[in-house]
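**Student:** Pasting a structure below so you can have a look.
Where a number appears in this text, it was derived from the coordinates with a stated rule and is not lab data. Only a predicted model underlies this, so the values are computations on that prediction, with no experimental measurement involved. Please note: Cβ atoms are built from the backbone with ideal geometry, for glycine as well, and neighbour counts cover all protein chains shown.
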Amino acid sequence: LTNSQSNERLQQEQEKQKQLLIELLQQDARNQLQNDNQVNIDHLFSL
């Protein structure tokens with residue numbers, strides 16, 4: 001692998017990890033707030 005190739009792979013991995021983390025946080029927030037009808041989770045995350 002050249003330097004730029006491994007850098008690119010690293011960035012892709014970090015991007016994947018970030019997406020996973022975001023999904024987990026969204027799920028967690030939904031779970032905690034699912035009984036609260038006043039909070040629109042999807043709206044919060046689309047800001």
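**Student:** For GLN17 paired with ALA29, estimate the spin-label separation in nm (one decimal), with each label point 7 Å from Cα along the Cα-to-Cβ line.
**Tutor:** 2.2
**Student:** Oh, and also: Can you list the HN-Hα couplings for the range 20-30, worked out from phi with the Karplus curve (6.51, -1.76, 1.60; θ = phi - 60°), rounded to whole Hz and with x for Gly and Pro?
**Tutor:** Whole-Hz 3J(HN,Hα) from phi for the range 20-30: 4, 4, 4, 5, 4, 5, 5, 4, 4, 5, 4.
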